[in-house]
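K.L.:
One structure coming up, written as structure tokens, with questions to follow.
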Amino acid sequence: MRKAALLGTIPPFVLKTADNPEGVDAQVFEGIKAAIAKDRYAFFEDFLNNFNNVDVLGGSRISDRAWQASFNVAAGSSPFASYACVDTWLTDFRDDVSKIDVPVLVVHGTEDRILPFEATAARLPALISDCTLVPVEAVRTTSVGRTPTK
């Protein structure tokens, strides 16, 4: 049997438009491009801190070394590609995902700061005929021992 899985997905369409009011304002993406053009290393630091929810999960679910490894990969990327890739995030996949004819498992974090759950994964079950959405709820840490809690 054929199946598919989407993990931390960008579809169906993240840009807010007249026919996509659930999307993210275009100014956000322009701000990202401006930040990359100004100082892409500072942008990568901010992006990775948000991507990994470092203020909540740093030291318990994401190590400093894992974060640094991600930063090193980003820093090694092409400056042009770092900037140009932002526009690819604005691809409208709504027509494409509605044509998927295999069972699809979608797993996405409810506290995703880069790809907001409500603007992305939460919308897919209405667009894909055989779709199972598994929201990954926020994981909190305590200050004592930094043990994960819900």
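Nothing in this text is a laboratory measurement; each read-out follows from the coordinates by a stated rule. All values reported here derive from a predicted model rather than from experimental measurement. Reconstructed Cβ throughout: ideal geometry from the backbone, glycine too, with neighbour counts over all protein chains shown.
K.L.:
When the chain is modelled as a GNM with alpha-carbon springs shorter than 10 Å, which of 18, 69, 34 fluctuates the most?
P.N.:
Per the Cα network of the chain with a 10 Å cutoff, 18 tops the list.
K.L.:
Residue 85 to residue 64: FRET efficiency via 1/(1 + (r/R0)^6), r the Cβ-Cβ distance, R0 22 Å, to the nearest 0.05?
P.N.:
That gives a FRET efficiency of 0.30.
K.L.:
Of the listed values (i) -0.30, -0.44, -1.10, -1.18; (ii) -0.35, -0.52, -1.28, -1.31; (iii) -0.50, -0.66, -1.23, -1.27, grab the one calculated as log10 I(q)/I(0) by the Debye sum over Cα atoms at q = 0.09, 0.11, 0.20, 0.21 Å⁻¹ from the structure here.
P.N.:
After the calculation, the listed value that fits is (ii).
K.L.:
Based on DSSP H runs of at least 4 residues, each adding -39500 (n - 2.57), what is the mean residue ellipticity at 222 nm of the chain after dividing by all its residues, to the nearest 500 deg cm²/dmol? Walk me through the numbers before you get to the answer.
P.N.:
Values: 5 runs with 56 residues, N = 150.
Theoretical 222 nm ellipticity from helices: -11500 deg cm²/dmol.
K.L.:
Please state the relative contact order of the stretch 33-125 as a whole percent: Cα pairs under 8 Å, 6+ residues apart?
P.N.:
In percent, rounded to a whole number, it is 31.
K.L.:
Going by C-beta contacts inside 10 Å, put 102, 97 in order with the fewest on the left. Before the final figure, lay out the partial values.
P.N.:
Working: 102 11, 97 19.
In order of increasing Cβ crowding within 10 Å: 102, 97.
K.L.:
For the stretch 1-58, which trypsin sites (Lys or Arg not before Pro) are both in a DSSP coil and crowded by at most 14 other Cβ atoms within 10 Å?
P.N.:
2, 3
K.L.:
For the stretch 4-149, give the share of DSSP beta bridges that are antiparallel, in percent and rounded to the nearest 5; count only bridges with both residues there.
P.N.:
20
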